[in-house]
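Just below is one structure, and these are the notes that go with it.
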């Protein structure tokens, strides 16, 4: 081998090494910027002209706001990559994949193309690419969400129409809870209720534990989720609860199955009263989302806490972070009921960066009103970890609609 050939080999080696180091430096820089902002479970890798970014948002109240912040970071710091793949996670579980070309992203953020044109060019789906596991096979997660605790401040209330002398009866409570994550898919909460005003049962005048729950959520396939909860739920029930939900049509249709085995328990006047586990409850439901209107129709049939066999129909619509819905129920014994529900976001829209311990407000304030208050059909306890809540505001069609119709982020 002559000196010229040896020189060419050495030059090629150093050039290749420089390219690899430069690519590694760029990945590290992007990862550090995203984690410094406060995002969690971050991984960044590149393959040819494709940039892959995984992240979880517990910094912003609204997932679309978090997505936009990530897109801004990538626009400014992603170098010359042609295609960008983002994977949005919750509890470190992949939920939604977003694919966009760097040139389209630049044009959108520079107001060269409209929101509508950009949403036509971007691809959002619940099924992530097969490349993710290969790309991130040995990558370390930046800013893990494991073993972090949020002290969440939450008001609760209910009301009903009373007698002539007191036309409105109401209850107002302060219900702070500790919400924590332990490992991938594993989380828990402990909640106490502090009464502020109460026109109902005297039993509800005391400070009491209102929820103690451990939950493990699994993603078994690209759109099949299972959630298992153990603990003390709402409506003074304790035991275990299992929920499975499979999504179709890119998240616009889902079939759910729920099964619970519970008993009675109550923390009253500093005493605990409880029964053995004795009651099985279960339900199956089907929901369909009409993407053009962010409108969801749901049908549920099952056996509920009053040992009633009831069918429930739901219809609700999302207006950005606000959700308004109506429902109607009918039992096999001919009893009917219905009402409305709503959910509104609470201030602030951005929280402190996640840390070992952090204080923040609850994301939303929800309320459900039934026409017949004393009617007990269709009762279902809340574990605090429903799969629909787990995927809240991450539906691909919802994200596109919000970008297209409602936001002015630039």
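The values are calculated or read from the model by the stated rules, or taken from the named source; none is laboratory data. Please read these numbers as outputs of a predicted model, since none were measured by experiment. In this analysis, Cβ positions are derived from the backbone assuming ideal geometry, glycine residues included, and neighbour counts consider all displayed protein chains.
Picking from 112, 127, which residue would you name as being outside any helix (DSSP H, G or I), out of contact with any helix residue (DSSP H, G or I) (no Cβ under 7 Å at 6 or more places or on another chain), surrounded by fewer than 16 Cβ atoms within 10 Å (Cβ to Cβ) and without any contact (Cβ under 8 Å) to a residue 40 or more places away in the chain?
Details: 127 fails: without any contact (Cβ under 8 Å) to a residue 40 or more places away in the chain.
Residue meeting the stated conditions: 112.
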Query raised in the report: Do we find a residue being touching a helix residue (DSSP H, G or I) at 6+ places or on another chain (Cβ under 8 Å), assigned to a loop (DSSP other than H, G, I, E, B) and under 30 Å from residue 37 (Cα atoms) anywhere in the range 181-197?
Result: no
Report summary line: Scanning the range 82-93 residue by residue, the ones that are in contact with a helix residue (DSSP H, G or I) (Cβ under 8 Å, 6 or more places away or on another chain) and buried (at least 19 other Cβ atoms within 10 Å of the Cβ) total 7
Query - Single unsatisfied condition, residue 393 versus (1) on the phi > 0 side of the Ramachandran plot; (2) assigned by TED's automatic domain parsing to the domain that holds residue 256 - result: (2)
Report summary line: Given (1) exposed (fewer than 15 other Cβ atoms within 10 Å of the Cβ); (2) modelled with pLDDT of 90 or more; (3) not in a helix (DSSP H, G or I), residue 120 misses just (3)
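Just checking, which of 402, 347 is modelled with pLDDT under 95 and touching a helix residue (DSSP H, G or I) at 6+ places or on another chain (Cβ under 7 Å)?
Numbers: 347 fails: touching a helix residue (DSSP H, G or I) at 6+ places or on another chain (Cβ under 7 Å).
Only one candidate qualifies: 402.
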Query raised in the report: Which condition breaks for residue 305 when tested against (1) in a loop (DSSP other than H, G, I, E, B); (2) modelled with pLDDT under 95; (3) surrounded by 13 or more Cβ atoms within 10 Å (Cβ to Cβ)?
Result: (2)
Query raised in the report: Is there a residue being surrounded by fewer than 19 Cβ atoms within 10 Å (Cβ to Cβ) and within 30 Å of residue 171 (Cα to Cα) anywhere in the range 213-226?
Result: yes
**Report entry** In the range 235-276, residue farthest from residue 124 (Cα to Cα) [restricted to those that are touching a helix residue (DSSP H, G or I) at 6+ places or on another chain (Cβ under 9 Å) and assigned to a strand (DSSP E or B)]
**Finding:** 268
Report task. Name the residue, out of 167, 176, that is in contact with a strand residue (DSSP E or B) (Cβ under 7 Å, 6 or more places away or on another chain), surrounded by fewer than 18 Cβ atoms within 10 Å (Cβ to Cβ), over 30 Å from residue 224 (Cα atoms) and at pLDDT 95 or above. Result -> 176
